[in-house]
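Quick one: this structure, given as structure tokens, is what I'll be asking you about.
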Amino acid sequence: MLSASEIRKVMEERTQHQKGTGKKVVDVREEMERLEEKGELLIHRIRPENRPVPMQTLFGWTKRIPTDRLWHHKSCGQCGNIPGYPSALLWIMNETGRTYLNEPHQTSCTAWNYHGTATSNPVALAAVAARNFHRAYETDHFPLIHCGTSFGDYKEMRKLLVENADVRHKVRAILRKMGRDLVLPEEIVHYSEWVQAMAPEIVARKKFDLGPVVATVHEPCHYYKMIPEDAIYDDRVYGGQRPAVPTGILLALGARVADYSTWYDCCGFGFRHILSEREFSRSFANLRKIRPMVEEAHADVAITSDTGCVTTLDKSQWIGKAHGQAYMLPVLADVQLAALAMGAHPYKIVQVHWHAAPVDRLLEKMGIDGAAAKAEFLEYLQALKSGRAPELLHTPHEEIEQYFAINKGQVLPEEGTGASPPTTEPPAGVGRALP
Amino acid sequence: MSVVAHLPHRTLSLADEEASSPPAMELTGRRRMSAAERSLAETIYQEFRADPRHEEFVLGCLNCGECTTGCPAARFYDFSPREMLQIAANGDATTLWDALQEKIWSCCQCYTCNMRCRFGNDIAGIISVMRELSVRHGVESTRRTLAPFGRSLTLLMTVGTQVSSDMIQPDFFRDWGPFATGSDKAWDVSPEIMRKAIPIDVLQTTRSAWEVSVQTSLELFRIYEETGVLDMLRGLDPDLTEMLVDIIEERREEFREARETHRARLETMRGPVATFQG
Ligand code: SF4
Ligand code: SF4
């Protein structure tokens, strides 16, 4: 079910049916080039400074994954309730010497809300996407999407903006009212693809062994079921039959990845359900995911690569006690496990205390002294309480940035002509990670 | 003679139906509707069929059931994506109205059905179209279903993030936060300090997922105004919408004041930061 061969077959049959509507293009990137030539949009291109790494997608097309000069498109769910997710990612970027911008001038994709309550519409979603795309473009940093749903939504919105002239014109008119214009990134890139592209550098910095760890992977639905042609596959991971991320980094780090029968099921997040019908999310997560992972695969940890999936799988297990479920399976994002393996502080950086299922046994298996780390963190909390300045992963923002998406010397549109291709280099050090 | 023929049965006139009290559902599954509901159902149905996405998302159906086989919602609810697609393709105003009452809200939007349908139907997408219509027209059952979302809609509309850490409270979403392991006492710090311990400055807030600059939130609100989202929300919850407008007015004021405070620096800048007026 949902193997790459089957998805390809479905996609091919679908293309036949969709040809009748005359609306579908196969590779949206080719159409983007044509529209750029006609002056209808601008492509935010991946440049040598972005140090791209080529990967293969579902149909064997090449997707270049930029690894440097990145604009963090944060996830509202991650930042709100599992903050170790973004901090582990930024920490790895610092460790590997990658530069980035992490700004307050970003909104979420708003697609959690759309898929939960439908209080939006495609033009609004496309305009939200395009506003964020333009901000990334004017800072001359390539957008890196943290959330699986934002990734899925932005793939859909890019396709919509390319295929539907009416939506494109409406969105462009709105953007112009705020001094922006329509810019589409050459690739929509999910952070787990960055992690995969960085695997050699991550492995080279490995401090703790994942050999004793059995991991099960939950593949986020919106990573590969929305616009499946953009997902990364690799023959060395599941024989190319399932997405290469996030499994690839686990294999590279030496973990034992175990299979389980319901791998293709969603996590139970449901967008609406996780907030207002939690009995569904809890039942689904436990019965269809956590139990098979533990009882079939004897997992030590569940790894996934999306906000909603970590949230649901992790924060639904508590209710399992009511059903005699005598275990809690730690749930982490790939990037959190990778950071732990590289020696990141489990509390200060990976922020494991925000997770509901305890990770102590996992840390022990990896050879990490969790108790010492916790004691150190408790001390740090007390220090913060008595007014000590917090430790930060990058230079803090200036006060003016609470109000304005300021120009820090980045690329700006030519006056009067809308957006123009990058011409200037931002000054060194802007938004650069602290050593 | 079949058993069915012996069941109590009569044809109701419209007047009978409107005069009668609950039960609201007949054995046939046909919903008892007031004249106003009938008219609204017809309007929604016409808009649904006229939506350009209908033609694009609904391509045909073999009734093979592949979509339902993989559907998480079908395991726990009286719901099936096959039925939704059939209603979209072949239904009428009444069957669509029926679906809007509850079923459309069962879907998890996981897109598994889309991936299994050989016809290439966008079932998750057509369900969203149905949802949008019932929000826009303020269908009563939809108002009830979405009533718990006031808080997250406020955040979403004003700063563009869905959740904030101050939603995680010991008596609400207790199992989500640092409280989860029952070790609140061991931490002995406030949620604000817990956020300060995240090593990213823009995340050190409890009121939003991250600090969003005023310009960014005003640009977002402009999008909602221009694309009809605000009007849509008015159909669902007029009081909430007015409150949002007030919040944004205050932020616009704050933005104008900040323009004065930072005038000298802003004058040196080009691009949106120089042109956007709030
Ligand atoms: S999988 Fe497609 S064709 Fe089959 S029942 Fe579902 S919608 Fe119809
Ligand atoms: S998108 Fe909705 S209808 Fe389709 S499989 Fe998922 S829950 Fe079922």
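Give region A:207-236 a look and list any residue that's touching a Gly at 6+ places or on another chain (Cβ under 8 Å), more than 21 Å from residue A:260 (Cβ to Cβ) and within 14 Å of another protein chain (Cβ to nearest Cβ), or say none.
Once the filter is applied, which keeps residues that are touching a Gly at 6+ places or on another chain (Cβ under 8 Å), more than 21 Å from residue A:260 (Cβ to Cβ) and within 14 Å of another protein chain (Cβ to nearest Cβ), region A:207-236 yields A:226, A:227.
Another question about this same structure. Have a look at B:215, B:162 and point out the one that is at pLDDT 90 or above and at the interface with chain A (Cβ under 9 Å from one of its Cβ atoms).
On the way: B:162 fails: at pLDDT 90 or above.
After ruling out the rest, the residue left standing is B:215.
For every residue, the table says whether it meets (1) under 29 Å from residue B:219 (Cβ atoms); (2) more than 14 Å from every other protein chain (Cβ to nearest Cβ); (3) touching a strand residue (DSSP E or B) at 6+ places or on another chain (Cβ under 7 Å).
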| residue | (1), (2), (3) |
| --- | --- |
| A:12 | no, no, no |
| A:35 | yes, yes, no |
| A:39 | yes, yes, no |
| A:44 | yes, yes, yes |
| A:66 | yes, yes, yes |
| A:72 | yes, no, yes |
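Consider residue A:93 carefully, then state whether it is in a strand (DSSP E or B), out of contact with any helix residue (DSSP H, G or I) (no Cβ under 6 Å at 6 or more places or on another chain) and surrounded by 20 or more Cβ atoms within 10 Å (Cβ to Cβ). Spell out the reasoning first.
Details: in a strand (DSSP E or B): no; out of contact with any helix residue (DSSP H, G or I) (no Cβ under 6 Å at 6 or more places or on another chain): yes; surrounded by 20 or more Cβ atoms within 10 Å (Cβ to Cβ): yes.
So residue A:93 does not fit the description; no.
Please tell me if residue A:155 is within 30 Å of residue A:369 (Cα to Cα) and either free of Cβ contacts under 8 Å to residues at least 60 places away in the same chain or more than 10 Å from chain B (Cβ to nearest Cβ) (or both).
On the way: within 30 Å of residue A:369 (Cα to Cα): no; either free of Cβ contacts under 8 Å to residues at least 60 places away in the same chain or more than 10 Å from chain B (Cβ to nearest Cβ) (or both): yes.
The answer is no for residue A:155.
Go through region A:259-277 and report how many residues are facing chain B (nearest Cβ under 9 Å) and in a helix (DSSP H, G or I).
As a first pass, look at region A:259-277 and keep what is facing chain B (nearest Cβ under 9 Å): A:264-273, A:275-277.
Okay, now just the ones that are also in a helix (DSSP H, G or I), so A:273, A:275-276.
Qualifying residue count, region A:259-277: 3.
Could you pull out every one of the helices (runs of 4 or more DSSP H) wholly within region B:28-76 that has 2 or more residues that are exposed (fewer than 14 other Cβ atoms within 10 Å of the Cβ) and either touching a residue at least 40 places away in the same chain (Cβ under 8 Å) or in contact with an Asp or Glu (Cβ under 9 Å, 6 or more places away or on another chain) (or both)? Walk me through it before giving the result.
On the way: elements: B:35-50, B:52-57, B:66-69, B:72-76.
Those helices (runs of 4 or more DSSP H) span B:35-50.
Of everything in region B:117-137, what is part of a loop (DSSP other than H, G, I, E, B) and either within 13 Å of ligand 2 (Cβ to nearest atom) or within 17 Å of residue B:46 (Cβ to Cβ) (or both)? Give them in sequence order. Explain how you work it out, then say what you get.
Residues of region B:117-137 part of a loop (DSSP other than H, G, I, E, B): B:117-122, B:137.
Selection gives B:117, B:121, B:122, B:137.
Can I ask one more? Filter region B:184-224 down to the residues that are of a type in the set (Val, Ile, Thr) and either surrounded by fewer than 24 Cβ atoms within 10 Å (Cβ to Cβ) or touching a residue at least 12 places away in the same chain (Cβ under 8 Å) (or both) and list them by number. Show your work before the answer.
Residues of region B:184-224 of a type in the set (Val, Ile, Thr): B:189, B:193, B:198, B:200, B:202, B:205-206, B:212, B:214, B:216, B:223.
Across region B:184-224, the qualifying residues are B:189, B:193, B:200, B:205, B:206, B:212, B:214, B:216.
Could you give me the residue pairs with C-beta distances under 8 Å whose first residue belongs to region A:32-57 and is in the same structural domain as residue A:235 (by TED's automatic domain parsing), whose second residue is at pLDDT 95 or above and assigned to a strand (DSSP E or B) wherever it lies, and which are 6+ apart or on separate chains?
none
Moving to a separate point now. Of all residues in region B:107-136, count the ones that are of a type in the set (Gly, Ala, Ser), surrounded by fewer than 24 Cβ atoms within 10 Å (Cβ to Cβ) and away from ligand 1 (no atom under 13 Å from the Cβ). Write out each step before concluding.
Here is the first cut: in region B:107-136, the residues of a type in the set (Gly, Ala, Ser) are B:120, B:124-125, B:128, B:134.
In the following step, the residues that additionally are surrounded by fewer than 24 Cβ atoms within 10 Å (Cβ to Cβ) were identified as B:120, B:125, B:128.
If we keep only those that are away from ligand 1 (no atom under 13 Å from the Cβ) as well, we get B:128.
So the count comes out to 1.
Cβ-Cβ under 6 Å, sequence separation 6+ or interchain: first residue in region A:364-384 and surrounded by fewer than 12 Cβ atoms within 10 Å (Cβ to Cβ), partner of a type in the set (Ser, Thr, Tyr). Which pairs?
Between residues of region A:364-384 that are surrounded by fewer than 12 Cβ atoms within 10 Å (Cβ to Cβ) and residues that are of a type in the set (Ser, Thr, Tyr), there is no close pair.
Quick one: in region B:230-278, of everything that is out of contact with any Gly (no Cβ under 7 Å at 6 or more places or on another chain) and polar (S, T, N, Q), which residue is surrounded by the most Cβ atoms within 10 Å (Cβ to Cβ)?
Filtering first and then ranking leaves B:241.
The values are calculated or read from the model by the stated rules, or taken from the named source; none is laboratory data. None of these values were measured; they are calculated from a predicted model. Cβ atoms come from the backbone with ideal geometry, glycine included; neighbour counts cover every protein chain shown.
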